[in-house]
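Quick notes on the structure that follows.
The values are calculated or read from the model by the stated rules, or taken from the named source; none is laboratory data. All figures in this text were calculated on a predicted structure; none of them were measured in a lab. FYI the Cβ positions are ideal-geometry reconstructions off the backbone, even for glycines, and counts take in every protein chain you see. Calculation scope for accessible area: heavy atoms of the full protein, side chains included, ligands and nucleic acids excluded. Shrake-Rupley method; radii C 1.70, N 1.55, O 1.52, S 1.80 Å.
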Amino acid sequence: MDFAFYWSHTDAVSKTLFFILLALSLVSWVVGIVRLVQSKQMAGIIDEQLNQAMKSIEPELVGLEFNQKKMATEQRLLQQIARHRFELEKGLPILGTTASIAPFIGLFGTVWGIFHALHSIGATGQAGLAQVAGPVGEALIMTGLGLAVAIPAVIFYNISTRINKRALHIATDTAHQILARTAL
């Protein structure tokens, strides 16, 4: 069975589901690749950015008491880490949502195709292997498509999340070092 034959025997619902899965796949690949590149870049420079942000407020800290200096430093560090976390998490909801819903969209396409196969069998009154195999095989293609969309999205999500955790760990360590220097 080739794609042209499959496409000619599908209805509007199946074609719509196909295009939805195709769009989700393209979006998840683009977002996944961009997210990986940006997360790796951020993980490499997050400590430098925190140190630069703290150097920019050093003149404001001169002359303050220890508690005030510590509080101002902590506030600036928390603010910077929150900004980095926000940047690191961009795109992850798209990947997570795609990974979650794509198998169900494929399953819906499968159920829809099997329904049509059974309807066709009921209309013709024949239930032989030749009448069932083709339509059921076509219906199962949708499950495969759903999984083909979900699996890369899950992989991109998990790798990006791991890189982000490492970057935030580096940021936290850097923040502790900066706070220790503030105590001096």
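I'd like the full set of residues that are under 13 Å from Leu21 (Cα atoms) and at pLDDT 90 or above, limited to segment 111-158.
Thr143, Gly144, Leu145, Gly146, Leu147, Ala148, Val149, Ala150, Ile151, Pro152, Ala153
Within segment 107-154, the set of residues being open to solvent by less than 40 Å² (accessible area, probe 1.4 Å), in a helix (DSSP H, G or I) and without any contact (Cβ under 8 Å) to a residue 12 or more places away in the chain comprises just one member, Ile121. Reported count of residues in segment 53-65, each being in a helix (DSSP H, G or I) and either at pLDDT below 85 or over 30 Å from the mean Cα position of the chain (by Cα) (or both), is 8. Criterion applied to Lys70, Lys90, Lys55 was being touching a residue at least 60 places away in the same chain (Cβ under 8 Å), open to solvent by 30 Å² or more (accessible area, probe 1.4 Å) and charged (D, E, K, R), and the one residue passing it is Lys70.
Out of Glu87, Glu48, one residue alone is among the acidic types (Asp, Glu), modelled with pLDDT of 90 or more and within 24 Å of Val154 (Cα to Cα). It is Glu87. Those residues that are open to solvent by 30 Å² or more (accessible area, probe 1.4 Å) and touching a residue at least 12 places away in the same chain (Cβ under 8 Å), I need them from segment 156-166; list them, please. Of everything in segment 156-166, those that are open to solvent by 30 Å² or more (accessible area, probe 1.4 Å) and touching a residue at least 12 places away in the same chain (Cβ under 8 Å) turn out to be Tyr157, Ile159, Thr161, Arg166.
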